[in-house]
Amino acid sequence: WTCLVLIPGQLDTTCHAFVGETVVLPCSTSPPGELILSKSMLYWQIGMKIVHFFQNGQDSLKGQDKHFHGRTSLFLDQMKHGNLSLKISNVQLLDNAEYTCIYKQTGDHQTKKSKIKLNVSGKT
């Protein structure tokens with residue numbers, strides 16, 4: 001899989017993966033600093049569909065879209081340093097979409113957002 005960073009302000013990043021691969025959709029806070037995970041909320045979404053949700057220091061996957069069940073994970077050991085990237089295993093053609101990474105901290109009115117496009121190709 002590969003990711004290309006594009007012009008800021010447009011789609012931030014485009015990633016390419018083949019069916020069956022594992023892909024990491026990049027997202028990080030800037031400037032990097034220590035995040036308080038117990039006060040953090042992180043949504044990975046496609047439109048209104050929840051791909052992965054993290055709050056109060058742990059994954060909260062009740063509302064997760066069934067298509068992604070058991071295939072998504074975060075880098076929990078790196079999150080406090082600002083790495084909010086999402087790993088999707090066993091990529092499917094249906095994963096081809098525009099993903100939004102949304103980060104909020106309790107008590108902070110600022111929301112950080114970035115968009116990542118995933119292009120999925122079938123094996124030839």
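The values are calculated or read from the model by the stated rules, or taken from the named source; none is laboratory data. It should be emphasised that the depicted structure is a prediction, and the values quoted were computed from it without experimental measurement. So basically every Cβ, Gly included, is an ideal-geometry build from the backbone, and we count neighbours across all protein chains shown. For accessibility, only protein heavy atoms count, side chains too; no ligands or nucleic acids. Shrake-Rupley method; radii C 1.70, N 1.55, O 1.52, S 1.80 Å.
The table below gives the values:
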item	result
Local electrostatic count, residue 104, Cβ distance below 10 Å [Lys/Arg +1, Asp/Glu -1]	+2
Solitary cysteines of the chain, where the nearest other Cys Cβ is not under 4.7 Å	none
Between the stretch 60-78 and the stretch 99-120, the alpha-carbon center distance in angstrom	15 Å
Point-charge dipole on Cβ atoms (K/R +1, D/E -1) for the stretch 14-119, about Cα centre, debye to 20	220 debye
Over 20 Å between alpha carbons, listed pairs 49/112; 49/113; 62/115; 39/104; 39/115	62/115; 39/115
Given charges at Cβ of Lys, Arg, Asp, Glu: the chain dipole, positive-most of 120, 79, 51	51
Residue with peak Gaussian network fluctuation, the chain [Cα springs, cutoff 10 Å], from 107, 70, 82	107
Computed over the chain: relative contact order in percent, which uses C-alpha pairs under 8 Å that are six or more apart	34 percent
Heavy-atom accessible area ranking, 1.4 Å probe, most first, across 41, 79	41, 79
Nearest-10 value in Å² for the accessible area of residue 94, using the 1.4 Å probe	140 Å²
Which of 109, 16, 52 is most accessible, then next, and so on - probe 1.4 Å	109, 16, 52
Average projected area [Cα convex hull, the stretch 14-119], square nanometres	6.3 nm²
Ranking by accessible area, most exposed first, for 76, 42, 35 with a 1.4 Å probe	76, 35, 42
